[in-house]
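A quick write-up on the structure given underneath.
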Amino acid sequence: MQANQNLHELMARVALRDRAAFEQVYRLTSAHLFTVSLRMLRNEQRAEENLQEAYVSIWHHALTYRPDAGAPMTWMINIVRNKAIDALRSRRPEDQQAIDLDDEAFAVPADAAGEPLALLEQNLREARVGACMQTLSAQQRQALALAYYRGMVHTEIADAMHAPLGTIKGWVRRGLDRLKACLEAAGMTSP
């Protein structure tokens, strides 16, 4: 009962955009919600991605939580569950298109990209990019991720991050400049 009361209070604070309260909600609920996600998706990586999307949704929709409609944990489980169902539905056409491969399908000649040296160089490049990304502020990383991984434009990023358009443009521009300088310092120049 005490934990449920704490979640009610924390959710009220999260609705007011209290990041510390959101962190506490995460710490209290993430293990259980991950279990729900994993049971539905049966894949650890997909379950983690699903849980991250669910927490973003919880943050953005905390104001819509109504204590009289149910316990906070029930509300959050429904969000995780709905996100998992969406993920399963989006994969279904992909699964239906899969075909069984016979031994002949695996008799494909190797290409240069599969060579150990090429793989090592690719991994080193990815590690350098990852290290350079860590030099950016959290806002810059998030803005760049939304732009490049989700394909969002500046106005969509501003809506998603609840920040002014000019601020978003600055985060993206300064983030790209800092990323470029870091990559050049690491010996990774663009062709």
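FYI, it's all coordinate maths here, none of it is from the lab. Quick caveat, the model's predicted, so the values are computed rather than measured. All Cβ positions, glycine included, derive from the backbone under ideal geometry; neighbour counts span all protein chains shown.
With r as the distance between the Cβ atoms of ALA181 and ILE85 and R0 = 35 Å, compute the FRET efficiency 1/(1 + (r/R0)^6) and round to 0.05.
Working: r = 44 Å, r/R0 = 1.24.
The formula returns an efficiency of 0.20 here.
Under a crude label model (7 Å from the Cα following the beta-carbon direction), how far is TYR148 from THR35 in nanometres?
Inter-label distance under the simple model: 3.8 nm.
Along the stretch 21-34, what does the Karplus equation 6.51 cos²θ - 1.76 cosθ + 1.60 (θ = phi - 60°) give for ³J(HN,Hα), rounded to whole Hz, x for Gly and Pro?
My calculation for the stretch 21-34 gives 5, 5, 4, 5, 4, 4, 4, 6, 10, 4, 4, 5, 5, 5 Hz in order.
Given R₀ = 25 Å, what would the calculated FRET efficiency be for ARG125 paired with GLU44, taking r from the Cβ atoms and rounding to 0.05? Please report the intermediate quantities before stating the final value.
Working: r = 26 Å, r/R0 = 1.04.
Here the calculated transfer efficiency is 0.45.
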